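Enquirer: Quick one: this structure, given as C-alpha cells, is what I'll be asking you about.
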Amino acid sequence: MTVPVPINIIVIGYGLIGLRHAEAVDQCPTMSNTARARKQFPEVPVFKSLDSVFEQGLQPDGAIVCTPNRTHLDVTKVLAKHKVNILVEKPISPTVEDALAINKVALEHDVKLIVGHHRRFNPYVLATKKHLERCGKIIAVDAVWCAKKCETYFKATPWRCSKSLGGGVINLNLVHDLDLLQYFLGPITSVYATECEKTREDNVGDDAVVEGAVLTLTFKSGARGSFIVCDNVVSPYNFEMGTGENPLIPKNEQGIDGVFYRFFGTRGTFSVPDLRLFHQDDAKEPGWWEPITKEQTENNVEGIPFLLQVEHFAKVIRGHEKPRCTPEDGIAAMSAISAVVESLDTGLPVNVATY
C-alpha cells in the first residue's frame with residue numbers, strides 16, 4: 001500500500017483561530033510536522049512575515065489564512081502568486097467586493113481555494129442535513145445566536161469591536177449562521193433587520209459595532225425565517241454552547257433547553273442541537289387531532305470540525321475531493337451579511353444580491 005506524501009501547510013496568523021487550526025494540522029495524518037507553531041510545537045519554524053517564507057525558498061502545498069478578515073485579499077494575492085492552495089478563514093472578507101476579488105485572484109493563478117466555514121463539518125450540522133428532508137417542505141425556521149462576550153475577548157483583539165475594521169457580531173458570528181441556513185435551505189433572497197439596543201459602555205461613537213439585531217429572512221425556496229443575534233446577553237442559545245465545538249466555551253450540559261434552530265415543515269419539525277424530530281408518520285390523518293411523536297434521530301455526534309476540515313483541505317489539494325465550501329459559498333454568506341448591514345442602516349427590507 002502506497003503511503004501518501006505528507007502535505008506541507010503554513011498557518012498564517014496565530015491568534016485564537018490560528019492556534020486551533022495549527023492543532024488540527026498537527027493531528028491530521030496527511031500533514032507534515034513542519035506545520036506546527038512554535039509555542040506548542042517548538043521545533044517548527046516561525047516566520048515574521050509571509051514574504052520571508054518564500055524568500056527562504058520554501059514552497060508550501062497549502063496555507064490556512066487566519067489573519068483579520070480585512071487582510072484576506074492582500075494575503076491571498078501573495079499566496080496565489082506563489083501557487084499555494086488556500087483555506088481562508090470566515091468571513092472570506094469584510095466586503096462582497098473583496099470576496100469577489102479573492103475568488104478572481106485564485107482563478108487567475110489556478111490555485112484551489114476553500115472558505116473556512118468549519119461548521120459545515122460539525123457532526124450536529126451533518127446530522128441536521130441528513131434528517132431535515134423528513135420534515136417535508138420547510139415552511140419556516142426560527143433561529144438564534146445569543147451569548148455574552150466578556151471584556152477580555154475585546155481587549156485581547158481590539159479590532160473585534162471596530163466597525164471599520166470588520167468587527168462586531170454581524171461579521172464575526174452571524175455570518176456562520178447565515179452560511180448554515182443557506183446550506184440547509186438554499187439562498188436567502190431578502191432580509192429585514194432591526195438593531196437591538198447597545199449596552200456596552202465602551203461601544204460608542206462612529207466606529208461602534210452592532211451588538212445585536214432581529215432579522216426576518218426570505219429564502220428562494222419560499223421558506224421564511226426569524227433570527228435573533230446578540231453578543232451582550234447571558235444566554236445558552238448559541239451554536240457553541242449547544243454543540244461544545246469550541247473548547248474555550250463550556251458546552252451546555254445542565255439539561256437547559258439551549259435549542260438554537262427549529263425547522264418547521266409540512267411533515268415535521270426538527271430542532272438543533274438536541275436533533276429531535278417531531279412527526280406524525282404513523283398517524284392516519286396527520287393534524288392537530290393526532291398525537292405527535294418525538295424521535296431522537298442521532299446520538300453519536302462525535303468529531304472535531306477543524307480536524308475534519310483540514311483533512312478535507314488535504315484531499316482537495318490532492319484532487320481527491322471537491323471543496324465543500326467554495327468561494328461562491330463564502331460570497332453568498334457575505335452578500336447576505338451585506339444586506340443585513342444595509343437593512344440596519346436604512347431601516348428597510350433589502351434584497352440579497354447574487355453573483
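Enquirer: Roll a 1.4 angstrom probe over the protein heavy atoms and tell me the percent of accessible area of the chain that is carbon or sulfur.
Expert: 54
Enquirer: Also: Looking at Phe278, Asn300, Phe227, which one has the Cα that reaches farthest to the positive end of the dipole of segment 213-314 (charges on Cβ: Lys, Arg +1; Asp, Glu -1)?
Expert: Farthest along the dipole direction, towards plus: Phe227.
Enquirer: Lys and Arg at +1, Asp and Glu at -1: add these up for the other residues within a Cβ distance under 13 Å of Ser226 and post the number.
Expert: Neighbour charge sum, excluding Ser226 itself: 0.
Enquirer: By per-residue mean of other Cβ atoms within 10 Å, what is the highest-first order of 285-297, 106-118, 183-195?
Expert: 106-118, 183-195, 285-297
Enquirer: Order these peptides, 329-337, 229-237, 166-174, by their mean beta-carbon neighbour count within 10 angstrom, highest first.
Expert: Going by the mean number of other Cβ atoms within 10 Å, highest first, we get 329-337, 166-174, 229-237.
Enquirer: Turning to a different aspect of this structure: Residues of the chain: accessible area per residue at 1.4 Å, in Å²?
Expert: About 50 Å² of surface per residue is accessible.
Enquirer: Next question. If you stretched the chain out fully between Leu58 and Glu108, how much longer would it get, using 0.36 nm times the residue separation minus the C-alpha to C-alpha distance?
Expert: Fully extending the segment from Leu58 to Glu108 adds 15.8 nm.
Enquirer: Let me ask you something else. Straight-line reach from Lys112: which aspartates and glutamates have Cα under 15 Å away, leaving out those fewer than 8 places along the same chain?
Expert: Asp61, Glu89, Glu311, Glu321, Glu328, Asp329
Enquirer: With label points built 7 Å along Cα→Cβ from the Cα atoms of Asp274 and Ala353, find their separation and express it in nm.
Expert: Between Asp274 and Ala353, the label points sit 4.2 nm apart.
Enquirer: Applying 1/(1 + (r/R0)^6) with R0 = 45 Å to the Cβ-Cβ distance of Lys77 and Asn300, what FRET efficiency is obtained, to the nearest 0.05?
Expert: For R0 = 45 Å, the calculated efficiency reads 0.60.
Enquirer: Additional query: Expressed in nm to one decimal, what extension gain is obtained for the pair Tyr153 and Thr293 from 0.36 nm per residue of sequence separation less their Cα-Cα distance?
Expert: Result: 46.2 nm gained on full extension.
Enquirer: Sort the following peptides by mean Cβ neighbour count (other Cβ atoms within 10 Å, averaged over residues), highest first: 196-202, 269-275, 124-130.
Expert: Going from most to least packed, we get 269-275, 124-130, 196-202.
Enquirer: Tabulate in residue order the Karplus-calculated ³J(HN,Hα) for segment 100-105, using 6.51 cos²θ - 1.76 cosθ + 1.60 with θ = phi - 60°, rounded to whole Hz; enter x for Gly and Pro.
Expert: Coupling constants for segment 100-105: 5, 5, 4, 4, 4, 4 Hz.
Enquirer: Identify, among Cys325, Phe264, Thr71, the residue whose Cα sits farthest towards the positive end of the charge dipole of the chain, taking +1 on the Cβ of Lys and Arg and -1 on the Cβ of Asp and Glu, with the dipole about the Cα centre.
Expert: Result: Cys325.
Enquirer: What distance in nm lies between label points placed 7 Å from Cα along the C-beta direction at Glu133 and Val46?
Expert: Modelled inter-label distance: 4.9 nm.
Enquirer: From the residues Asn103, Leu132, Gly57, which one has its Cα farthest along the dipole of the chain in the positive direction, the dipole being from +1 and -1 charges on Cβ of Lys/Arg and Asp/Glu about the Cα centre?
Expert: Checked the options; the winner is Gly57.
Enquirer: I would also like to ask the following. Can you tell me the dipole magnitude for the chain around its Cα centre, using point charges on the Cβ only (Lys, Arg +1; Asp, Glu -1), in Debye to the nearest 20?
Expert: Here the size comes out at about 620 debye.
Enquirer: Which lysines have a Cα lying under 30 Å from the Cα of Lys148, excluding residues fewer than 8 positions away in the same chain?
Expert: Cross-link targets: Lys39, Lys90, Lys129, Lys163, Lys198, Lys251.
The values are calculated or read from the model by the stated rules, or taken from the named source; none is laboratory data. Note that the coordinates shown come from a computational prediction; the quantities given were computed from them, not determined experimentally. All Cβ positions, even for glycine, are placed from backbone atoms using ideal geometry, and neighbour counts span all protein chains on display. SASA here: full protein model, heavy atoms, side chains in, ligands and nucleic acids out. Shrake-Rupley method; radii C 1.70, N 1.55, O 1.52, S 1.80 Å.
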